[in-house]
Amino acid sequence: MGRHSKYPEEFRRESVRLVLTTDKSMAEVSRDLGINYKTLGNWVRTEQARQVRDQAPGALSESERAELKRVKKENAELRIEREILRKAAAYFAKETIR
């Protein structure tokens, strides 16, 4: 799991919006807001990638992606549990045959 950001999500969104919608350069915005240039650059690249991904035909929404991630994690856990139960059943089946 990633570390917690010291910048609130709304601040990040507004910083990116300033870069993308105003005539100010990324360096000016980062200086004005007192954040590292590379940090702001990462935020802008992430937002641009999200915009491209969301414009693709058949793209999943944020909530759909979150749900898919949750379901995949749950599926992996269930596979592990099933494998443990399969091995336990085989072990106890051998014990009862003796």
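Given the conditions (1) at pLDDT 90 or above; (2) within 19 Å of Tyr7 (Cβ to Cβ); (3) part of a helix (DSSP H, G or I), and given that Arg86 satisfies all but one, which numbered condition is not satisfied?
So Arg86 meets the others, but not (2).
Starting from the stretch 66-95, keep only residues that are basic (Lys, Arg), then list their pairs with residues that are outside any helix (DSSP H, G or I) and at pLDDT below 95 whose Cβ atoms are within a distance under 6 Å, requiring at least 6 positions of separation or different chains.
Hits for this filter: zero, empty list.
Let's see how each residue does on (1) outside any loop (DSSP other than H, G, I, E, B); (2) modelled with pLDDT of 95 or more:
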| residue | (1), (2) |
| --- | --- |
| Gly2 | no, no |
| Arg12 | yes, no |
| Leu20 | yes, no |
| Lys24 | no, no |
| Lys38 | yes, yes |
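Going by what's in this entry, would Val19 be described as free of Cβ contacts under 8 Å to residues at least 60 places away in the same chain and surrounded by 12 or more Cβ atoms within 10 Å (Cβ to Cβ)? Steps first, answer last, please.
Values: free of Cβ contacts under 8 Å to residues at least 60 places away in the same chain: yes; surrounded by 12 or more Cβ atoms within 10 Å (Cβ to Cβ): yes.
So Val19 fits the description; yes.
The values are calculated or read from the model by the stated rules, or taken from the named source; none is laboratory data. Here the structure is a predicted model, which is why all the values come from computation and not from measurement. Counting neighbours? That spans all protein chains shown, and the Cβs are built from the backbone with ideal geometry, glycine included.
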